[in-house]
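Chemist: First, the structure itself, so that you have it in front of you.
The values are calculated or read from the model by the stated rules, or taken from the named source; none is laboratory data. Model, not experiment: these values are computed from the prediction. Here the Cβ positions follow ideal geometry from the backbone for every residue, glycine too, while neighbour counts run over all protein chains shown.
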Amino acid sequence: MDSDIEDSQGESCQEPTEISSSSTTLESERRRFEADDKPFWDVFNSVSCKLLDILSSNSEETYLNFVNSPDNKQKVIVRDHLRRSLLHVAVEQGHENLAKCLVDVGLDVTCREGCGMTPLNLAVISKNNVLCKFLVESGGRYSGPLFTSIPSPLCMAERLQHVEILPIFSDDQEESEDENELIRRIDGTFSKGNSHSSVTVNPSSDMNRSCSGFVTPVVGDVGTCKTNNAAMSRSGSYRWVGLCPGDLHNKGYFCEAAFKVHGSSGLHYILLEVMKRKKLTTEVFKKKKFQESNLIQVREAIRDLCEAYGKAAALEFSESDLFPSQQELQVAEDESVLLLDKFKDWITASSEADVAFQHRATAFLVYGPIQKLYDASTAYGDGYAREVVYQAQLPIYAQLGFRNYYTEVFRHVVNILAKWPPATRRLLH
């Protein structure tokens, strides 16, 4: 008799204990989940009781009839509100015979619950060597691209130092069809006969996918990234996590950098006294930039000031000696090229003659264009242009001493250039 199933069945027959709660919403949610999961637990208890009877009778024929029954194969595919399968629960509760029965019935050993956990992940956490060995022999994956949101069983076992489980994961696994299908969905260049791909894939070539898992980009602001970074350094999850800066927050950091460079040299005075934007205080550009929709006004302010400096420079240029004469414009093959070349010469000469001009010129030569390119890249989904913006921000944050912002951007540049696999880079591009 399987004692673990008997104990579980005994617990399942007890009436659920009422939970007192001062929150009506929490209580109603609990009742809703109980109602949603009732079919799941009815099947779980039914299969457990039936298996208990079969094991008690010690009849191999009865067992084979049970696992080969079409009705049972259809019945056991239920999921609970957490997207757990019956196999997840059996492994989590340590019911070895029930887990083996469910696999014989036909449940997928690589199935994932809502957060991405597979039955093998749960077996590793429970330190159940028997179930780990059985699941691997039944086709369970302990590494590879299926683990995109959580560590692989191998990574968990290494980090938890389960020395008795690690030898079970010592053999190289062959690629599964699920992994191949996942890769084909992520990156079309892996698809055979993809007419939209310029890359020719040799079907007989050996693709090395023996990594512990594709890198999962975790998006967040600098505070979130600092928290994630601290957790990663303690958990060893650098093998499967890559921090990806959030564009919304990074645009705010860039505006703060522009304000620090130009705020005290005229930008803030123009905003307050000329454009009459009295709400844009120094604190709004710094600590309060993400509060009360301030970021929209801050970004508009930087955009308008950079354009204003650019238009003022164009007017000064039109009155300078370097502005081309009417005759020069008439004989020029392309007036736009001539004007642009002369404008560049005027900027160079003015910058050499006046340090203040050189400083203010960075508004329309650096900060304004970078912000426009950033907006265009995110609006039109141009990942390559976005990476140009991130690389352009590195010297700005470094010179201003924005260490946290620089670290966040530098990590992203390194990831996109060197660490992340091609599928992740293609996703961002």
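Chemist: Could you say which residue among K279, K289 is without any contact (Cβ under 8 Å) to a residue 40 or more places away in the chain, more than 23 Å from I370 (Cβ to Cβ) and of a type outside the set (S, T, N, Q)? Even if it seems obvious, please write down each step before you answer.
Modeler: Values: K289 fails: more than 23 Å from I370 (Cβ to Cβ).
Being without any contact (Cβ under 8 Å) to a residue 40 or more places away in the chain, more than 23 Å from I370 (Cβ to Cβ) and of a type outside the set (S, T, N, Q) holds for just one of K279, K289, which is K279.
Chemist: Further question: Filtering segment 286-305 down to residues that are of a type in the set (K, R) and in a helix (DSSP H, G or I), which residue is modelled with the highest pLDDT? Steps first, please.
Modeler: Here is the first cut: in segment 286-305, the ones of a type in the set (K, R) are 286-289, 299, 303.
Among the residues that remain, those that are also in a helix (DSSP H, G or I) are: 299, 303.
On the way: R299: 89, R303: 92.
The qualifying residue modelled with the highest pLDDT is R303.
Chemist: Looking at the structure I just gave you, is A313 surrounded by fewer than 15 Cβ atoms within 10 Å (Cβ to Cβ), assigned by TED's automatic domain parsing to the domain that holds G266 and outside any loop (DSSP other than H, G, I, E, B)?
Modeler: no
Chemist: Name, by its number, the condition in (1) free of Cβ contacts under 8 Å to residues at least 60 places away in the same chain; (2) surrounded by 14 or more Cβ atoms within 10 Å (Cβ to Cβ); (3) closer than 17 Å to Y367 by Cα; (4) over 36 Å from the mean Cα position of the chain (by Cα) that does not hold for D304.
Modeler: Status for D304: all satisfied but (4).
Chemist: I'm checking my understanding of the structure. Among residues of segment 52-91 that are in a helix (DSSP H, G or I) and under 24 Å from V124 (Cβ atoms), which one is farthest from the chain's Cα centre (by Cα)? Outline the logic, then answer.
Modeler: Our first condition is that a residue be in a helix (DSSP H, G or I); within segment 52-91, this holds for 52-57, 60-67, 70-75, 86-91.
Okay, now just the ones that are also under 24 Å from V124 (Cβ atoms), so 86-91.
Values: L86: 29, L87: 28, H88: 25, V89: 28, A90: 31, V91: 29 Å.
The residue in question is A90.
Chemist: If you go through segment 80-129 one residue at a time, how many are touching a residue at least 60 places away in the same chain (Cβ under 8 Å) and either of a type in the set (D, E) or within 20 Å of V163 (Cα to Cα) (or both)? Steps first, please.
Modeler: Restricting attention to segment 80-129, the residues satisfying the condition of being touching a residue at least 60 places away in the same chain (Cβ under 8 Å) are 93-98, 110.
Now restrict to residues that are either of a type in the set (D, E) or within 20 Å of V163 (Cα to Cα) (or both): 94, 96.
Residues in segment 80-129 being touching a residue at least 60 places away in the same chain (Cβ under 8 Å) and either of a type in the set (D, E) or within 20 Å of V163 (Cα to Cα) (or both): 2 in total.
Chemist: A further question follows. Restricting to segment 243-269, name every residue that is of a type outside the set (G, A, S) and touching an Asp or Glu at 6+ places or on another chain (Cβ under 9 Å). If you could, list the steps in order and put the result at the bottom.
Modeler: Of segment 243-269, the ones of a type outside the set (G, A, S) are 243-245, 247-251, 253-256, 259-262, 267-269.
Once the filter is applied, which keeps residues that are of a type outside the set (G, A, S) and touching an Asp or Glu at 6+ places or on another chain (Cβ under 9 Å), segment 243-269 yields L243, P245, L248, H249, N250, K251, Y253.
Chemist: Output yes when any residue across segment 385-394 is closer than 18 Å to F254 by Cβ, touching a residue at least 24 places away in the same chain (Cβ under 8 Å), exposed (fewer than 14 other Cβ atoms within 10 Å of the Cβ) and not hydrophobic (A, V, I, L, M, F, W, C), and no when none is.
Modeler: no
Chemist: Right, here's the next one. From V89, V76, which residue is buried (at least 16 other Cβ atoms within 10 Å of the Cβ) and in the same structural domain as P39 (by TED's automatic domain parsing)? If you could, list the steps in order and put the result at the bottom.
Modeler: Details: V89 fails: in the same structural domain as P39 (by TED's automatic domain parsing).
Exactly one of V89, V76 is buried (at least 16 other Cβ atoms within 10 Å of the Cβ) and in the same structural domain as P39 (by TED's automatic domain parsing), namely V76.
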